[in-house]
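Accompanying notes for the structure given below.
Values quoted throughout were computed directly from the atomic coordinates according to the rules given, and no laboratory measurement underlies them. Computed from a predicted structure; not experimentally measured. Reconstructed Cβ throughout: ideal geometry from the backbone, glycine too, with neighbour counts over all protein chains shown.
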Amino acid sequence: MFTLRLVPAVLGTVLLWGMPGGTHAQALEAVPAQAAASAAASAFDGVVEAVRQTVVAAQVPGAVVELNARVGERVKAGQVLLRIDARAADQNAAASDAQVLAARASMDIASKDFERQKQLFQKNYISQAALERAESEFKSTQAQASAQLAQAGAARTQSGFYVVRAPFAGVVAEVPVSLGDMAMPGRPLVTLYDPAALRVTAAVPQSVASRMAAGVLPRVELPGLPRVAAWVTPSRMQMLPMVDAATHTVQLRADLPASVAGLPGVGPGMFARLWLPVPQAQAAAGASPAEATLSVLHKAIVRRAEMTGLYVLDPNGKPVLRQVRLGRVEGDRVEILSGLMVGEQVVSDPQSAARVR
């Protein structure tokens, strides 16, 4: 897409007569609209995403008895977000611990009995078969004790699932449960994201992605921020190798710098635009003057009630107020989406043009 600028290299000075109250001549400076292929860029709508975002779900059933997570709150890694009723799980864990103690007592008895049987066998008081039966009973009791110990460990581990903690430090984005709600395995409880690592993701046509300028980073526009911080240069760009078979687009990811990711109002779901640089030769070959986009200085814009316009010189050199549609703002210039043609003379001082009749 062409970006056309009003190049001040060719300045026309037009003498206009008929000033009210006299016949003094007034000079109006007009700037012709010319193409600036070096500023060619294409815009694609995108969305801000978190590089690290997770949905913490329930692993066990139970009622939510404590809720500490609040939307927008910053939490630390390991901080308790909520608790699920764990009374039944605690009782099961206590029962398993008791069974472990009983199994260990049985194993101690079996171990001592096996030692006595070995001593009797050495004195030829019992047969080899009796010794083997004692050894088998000892090993069976030992295995039962190990099984009870493992079962108790599983019960203690499961009881830990009733306390939901933050997996990493971040910001709570969503809490879809309330105090007293029933948590079921797989039900989302808290959505958490890391605010220090954000990116902008946009779907770009494959034809455009293939002719992007190599080694040049795109520009990110965040319309929801003030003009000073609305334009950002990403720290890294990544193009996914997978192409969508239905739309023939590829996903382009641009990582936002940490200084921008930490600004208030910047978060997942925010609308953004990716402005991709296009090589000059390809941009010039693909755009026509009718499709060209112009940009003018802010001071040339005229705003009257709900009308936005520019003073353009007609063939007789007289300024005529023409309504235009504005686009993006970049620096001290604003984009003109419609209402202006290439080569037309735009008056840079609208106040002087308004006094001419």
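Residue order for Asp314, Asp255, fewest other beta carbons within 10 angstrom first, comes to Asp314, Asp255.
Taking the fewest neighbouring Cβ atoms within 10 Å as the starting point, the ordered list for Thr249, Thr233 is Thr233, Thr249. Note on Lys299: lysines with a C-alpha under 28 Å away, same-chain residues under 8 apart excluded, are Lys318.
Normalising by the residue count of the stretch 87-160, find the relative contact order in percent from Cα pairs under 8 Å and 6+ residues apart.
Numbers: 50 pairs, mean separation 39.4, N = 74.
It comes to 53 percent, rounded to a whole number.
Dimensions of the stretch 87-160 from C-alpha coordinates, computed as largest minus smallest value along each principal axis and given longest first, are 55, 14, 12 Å. Here's the list of aspartates and glutamates a cross-link from Lys139 could span, going by alpha-carbon distance under 19 Å and ignoring same-chain residues fewer than 8 apart: Asp108, Asp113, Glu115. Each 10 Å bin, from zero up to the one with the longest distance, holds this percent of the alpha carbon pairs of the stretch 152-252: 11, 25, 24, 21, 14, 5, 0.
Residue order for Ser235, Ser210, Ser111, Ser96, fewest other beta carbons within 10 angstrom first, comes to Ser210, Ser111, Ser235, Ser96. The chymotrypsin sites (Phe, Trp or Tyr not before Pro) of the stretch 62-165 that meet both conditions, a loop assignment by DSSP and at most 14 other Cβ atoms within 10 Å of the site Cβ, are Tyr125. For the pair the stretch 299-357 and the stretch 58-101, the centres of their Cα atoms are 66 angstrom apart.
For the pair Glu115 and Val80, label points projected 7 Å from Cα toward Cβ lie 4.5 nm apart.
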